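S.K.: Here it is, the structure, as structure tokens.
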Amino acid sequence: MPIHLLDFPPEILILILSHLYLPTLTACLAINRRVKSIIDGSTLLQYRLAAQAACVEDNPLNTTTNSAHKLLALQRRQTAFAELVPTSVSSVPGLDDVALDSDNITYAFSGPIFAVTERDTLMGLRWVSLAVTEPVFRRFEFAGYIQDFSLAIPEADLLVIVWSSEPLQNQTAASDVVVELRFYEMSTQSAHRMACDHVIPVTIFGASLLSFLVDICGPNVFLLVDYYLDHSDTTHTRLLIYDWKLGCLLRSFDDYSTAAFLSPDVILLAQMVTGTFELWGVPEGTVTGPDISLELPVLAKPGRYEILTIDSTPKGYGSASSQEPFYSSFADSNVGFDVVFEFDDESEGDLLLVISRRALLQLRSSTEERGKVLPWREWGPRIAQWPDMDHFGPDWPTKIHGQCCALIGPAGRMQLADFNPYSYRKLLGTERDDSGQTTTRAGLTKAVVSLREKDRVIGTGLFGEEVRANLGYLVIDSALEAMDQYSGFFVGEKSIEPVTPGEKMSLDFWHFG
């Protein structure tokens, strides 16, 4: 006699349903009353629904928090972010030797750790943990110069620095330059125990006026070097990808302006002259061409693109060194680029471009013809968005966390751009005014939520073709007053850090949930 699925005991059904994805779980709610009653009555399934809708993943390393407390914590976080009303606010004392408006300053924010290079010496990091009751800046000193650094704290307790024995910022004479990739545990400030060799030397031959960019994704790290060769006025770039745990070189590329990991196995490279994104497999060292090339829109007049990667977190899958109950999904996060337009008539423009990471990977895997070139109209409108230009500027620090980034809007107000598709669809069903706005209330404050409609035509006059963007998103305007003193905002897992620049940088900490 066959056994019907619904004949199983509720405990078994809950275990089965807990492995389903959100669309399937939602469909189950409408199909059968018994299934609906089981889902409605199960804290585990309610947490599973809420976590998927928030695009967060459960942390299996957290074994001390039950589903009910995880659900409550997630609901508090989501409500606080939706209303942009922090549950607590604290400040970190300012630093005399740190200023984010200095050209030589590098900063990073990952997990609870914010770190920034010292302004004058570049021989030390000032860092602070926002997980403690009274956060204060501490110093991590190096016997050399920090050219760039990156953090992957929840994923691996990892600090990567580009180290040199001498300052390189003003080096005009060409020479063979040796820098080192160094890997540290941030918690102990010692060599990372998972790295076979915590120092990888890198030599750039006959170079001058170097700049560096380093980033992390899971076990891989890339180093992008921008330099001049001897007797040349043309800049060159070299991209090196390493497995930082094994200490081995995986791939190298020349003459790409920037890069972004889409996964540990896939990297996006940007050609700024042609305005093209190329997707490459990281371990595929014998492959001579990209898997797929994605063109940006045609420019309105002769010129070129300059493309800069915006820092984003998480830095890969999993959260190996965190005890938080949940963390933002890497697979569902976005990648962002500061796209600068440089025209031959010396006019210019600047836009923020946000693209779905998952959609880019799906586009790569679904394209059968290797090396295929797609114009913007065939790929961009479906998976990308150019947020409103007046909400973005090139001269302030920010980052993308998961599906959110904080922007500076009119009168210095903070605005949170949320690309979560479930939040977008939820707002579609609410009552809005003629401008597409709705208002959420928390006590005496208000947060104005604006719906950015799909199929928007980007009318900036920068493009020589009609540019549409269908990736829907929300803009949440902060209800807080007196925010014009801030120059940038870092979004974290459950926090936003406003930054005050100047001769004495200070850092506030807004906790959500």
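Taken together, the values in this text are just the output of simple stated rules run on the coordinates, not laboratory data. Source: prediction; values computed, not measured. Reconstructed Cβ throughout: ideal geometry from the backbone, glycine too, with neighbour counts over all protein chains shown.
S.K.: For labels at N32 and T274 in the simple 7 Å Cα→Cβ model, what's the distance in nm?
M.R.: Distance between the two pseudo-spin positions: 5.3 nm.
S.K.: Quick one: 3J(HN,Hα) in Hz for the range 373-383, Karplus 6.51/-1.76/1.60 with θ = phi - 60°, rounded, Gly and Pro as x.
M.R.: So the J values, rounded to whole Hz, are 10, 10, x, 3, 4, 8, 9, x, x, 6, 10.
S.K.: What whole-number volume per residue, in cubic angstrom, does the convex hull of the C-alpha atoms of the range 291-376 give?
M.R.: Hull volume over Cα atoms, normalised by residue count, gives 115 Å³.
S.K.: Moving to a separate point now. Any idea how far apart S347 and R76 come out in nm if each label point goes 7 Å out from Cα toward Cβ?
M.R.: Roughly 5.3 nm, to one decimal.
S.K.: List the residues, sorted by chain then number, that are 5 or more residues from G402 or on another chain and whose placed amide H is less than 5 Å from its amide H.
M.R.: T313, N334
S.K.: So for K245, K70, fewest C-beta neighbours within 10 Å to most, what's the order?
M.R.: Ranked by crowding around the Cβ, least crowded first: K245, K70.
S.K.: Relative contact order for the range 216-358: what is it in percent, counting Cα pairs under 8 Å that are at least 6 residues apart?
M.R.: Answer for the range 216-358 is 16 percent.
S.K.: Provide the gained length on full extension for the span T24 to L61, in nm with one decimal, where the gain is 0.36 nm per separating residue minus the Cα-Cα distance.
M.R.: So the extension gain works out to 10.7 nm.
S.K.: Shifting gears a bit: Taking 0.36 nm per residue of sequence separation and subtracting the Cα-Cα distance, how much length would be gained by fully extending the chain between V340 and R193, in nm to one decimal?
M.R.: Extra length available between V340 and R193 comes to 48.9 nm.
S.K.: Testing the spin-label approximation: label points 7 Å from Cα along Cα→Cβ at H511 and D254. State their distance in nm.
M.R.: Those two pseudo-labels are separated by 5.3 nm.
S.K.: Please work out how much length the chain gains when fully extended from R382 to S91, using 0.36 nm per residue of separation minus the C-alpha to C-alpha distance, in nm with one decimal.
M.R.: Separation in residues times 0.36 nm, less the Cα-Cα distance, equals 100.7 nm.
S.K.: Exposure proxy check: Y256, Y422 ranked by fewest other beta carbons within 10 Å?
M.R.: Ranked by crowding around the Cβ, least crowded first: Y422, Y256.
S.K.: Counting other C-beta atoms within 10 Å, which of L239, L209 has the fewest, and how do the rest follow?
M.R.: So the residues, fewest neighbours to most, are L209, L239.
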